[in-house]
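The values are calculated or read from the model by the stated rules, or taken from the named source; none is laboratory data. In this text the structure is predicted, and so the values were computed from the model without any measurement. We place every Cβ from the backbone using ideal geometry, glycine too, and count neighbours over all the protein chains shown. Quick note on the areas: whole protein, heavy atoms, side chains included, nothing else; ligands and nucleic acids left out. Shrake-Rupley method; radii C 1.70, N 1.55, O 1.52, S 1.80 Å.
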Amino acid sequence: MRAYVLLFVALLALPAAAQDLLIPMDDAQADHLRAYGAVYVALDRGLDVDWLLNVRGGSFVVPAEADLQTELRARGVSFERVNGTQAVADAESPAANTSVVRLEKAPTIAVYAPDQTLPWDDAVLLALTYAEVPYETIYDADVLAGRLGEFDWVHLHHEDFSGQYGKFFSAYGATAWYQQQQQEAEASARAFGFAKVSQLKLAVAQAIRQYVVEGGFLFAMCSGADTFDLALAAAGLDIVPAEIDGDGQTPGVRGMLDYSGTLAFQDFHPELNVMEYEHADIDDPPPPALRNPLTDYFTLFEFSARWDPVPTMLTQNHVASVRGFMGQTTAFQPEMIKPGVVVLAKSPTTDAVRYLYGPAGQGFFAFYGGHDPEDYQHYVGDPPTDLSLHRNSPGYRLILNNVLFPAAKKQPQKT
């Protein structure tokens with residue numbers, strides 16, 4: 001009889017010991033990118049999700065619901081049965097640099113991009129599409145109509161907020177697609193009551209900045225990051241070459257920028273030459289001798305999971321070093337980063353900053369250099385990246401960390 005009782009007690013204990021699912025994010029994970037989408041699904045269904053910071057690459061604990069297990073299998077996402085209570089308790093142990101963040105809601109996501117944008121035009125769109133995370137595309141009319149407040153997270157597609165059409169004049173100014181883009185942008189500016197495209201884009205940038213200050217989260221890559229701050233700093237000035245907008249630049253404008261309203265950068269200067277494929281001297285690409293996809297990489301900083309949960313969330317990964325990749329804005333000059341902005345990753349060879357974040361009012365922003373983490377030097381017209389071939393991409397994981405960040409229960413930064 002005693003043996004039967006012990007067996008019965010043991011059987012009762014089995015479900016309690018494996019009542020949850022661990023989605024590992026270390027090398028045991030078959031598809032890191034779709035794992036984020038699975039977590040989004042769990043949140044969208046109202047399930048509790050715990051993000052175990054610095055535990056096996058930033059793993060997740062979710063309830064062992066049958067429908068969720070089916071979802072994980074359908075997405076090809078690896079999972080293990082665990083005692084979730086114990087896993088959380090272990091991660092909260094003060095003996096290790098680990099911690100737990102409860103994810104509370106599925107964030108509403110917007111991508112600021114023109115209507116003709118295709119998913120492979122932008123790494124974030126590729127990541128969202130592959131991970132099957134829903135988003136809405138918005139553009140100038142939505143921003144100026146005050147719709148930003150509907151979203152928890154906004155990504156800036158590779159927009160040129162300075163009104164210079166990506167500084168493509170020298171290479172593509174004679175092409176039909178460039179000229180059509182310019183005509184459509186000028187017509188749009190007039191429709192909104194602005195004399196020039198640069199004025200329309202400034203108004204949009206100012207509205208997005210206000211969204212962040214009021215509690216939103218902004219993410220931008222490549223030229224979307226530096227042209228955003230460039231537009232804000234050049235408010236009321238003309239930095240656009242006459243070849244683009246038909247009139248002259250403000251005399252002495254390089255020394256007249258106002259950095260008080262920018263998010264991340266200060267003390268930078270605009271590139272005024274229409275033939276130069278740069279917007280400002282914020283960009284810090286590797287020198288030509290170091291532009292080698294086999295040797296170019298950047299290192300993620302390690303933060304205290306307990307005391308600095310925000311940068312820890314944004315840098316969760318299964319590796320400490322990430323392969324570098326180029327873009328119109330590849331990296332950021334360290335001396336031009338504002339005080340209070342946190343550097344998340346930099347190149348160990350050039351000291352160039354590849355990834356940063358900072359607070360602005362009640363909200364946050366994160367800027368990530370480069371165009372496509374799995375296409376070292378992407379060119380206009382290149383074929384799209386197939387993320388099914390890069391399911392475990394550390395560079396793309398950094399993007400998706402940002403997507404989940406607004407789902408976290410807000411915690412004050414303690415250092």
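One table, with the values for the structure above:
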quantity: Magnitude of the charge dipole, the range 268-409, Cβ model with Lys/Arg +1 and Asp/Glu -1, debye to 20; calculated: 740
quantity: Angle between the chain longest axis and helix 2-17 axis [Cα atoms, degrees, rounded to 10]; calculated: 0
quantity: Only Lys, Arg (+1) and Asp, Glu (-1) charged, at Cβ; the chain dipole about Cα centre in debye; calculated: 1340
quantity: Rg/Rg_globular for the range 272-415, with Rg_globular taken as 2.2 N^0.38 Å and Rg from C-alpha atoms; calculated: 1.09
quantity: Mean projection area, nm², convex hull over Cα of the chain; calculated: 22.1
quantity: Helix 176-191 axis, angle to the chain major axis (alpha carbon atoms, nearest 10°); calculated: 90
quantity: Amide H within-cut-off set for Val82, under 5 Å, with H built and near neighbours excluded; calculated: Gln19, Asp20, Leu21, Leu22
quantity: Summed side-chain charge close to Ala89 - residues other than Ala89 whose Cβ falls under 13 Å, Lys, Arg +1, Asp, Glu -1; calculated: -4
quantity: The chain, accessible surface, carbon-and-sulfur percent (1.4 angstrom probe); calculated: 54
quantity: Cα gyration tensor, the range 105-160 - rounded (a/c under 1.5), prolate or oblate; calculated: oblate
quantity: Note, ³J(HN,Hα) from phi for the range 275-290, Karplus 6.51, -1.76, 1.60, rounded to Hz, x at Gly and Pro; calculated: 8, 8, 8, 9, 8, 7, 8, 5, 5, 9, x, x, x, x, 5, 9
quantity: Angle between the chain longest axis and helix 66-75 axis [Cα atoms, degrees, rounded to 10]; calculated: 50
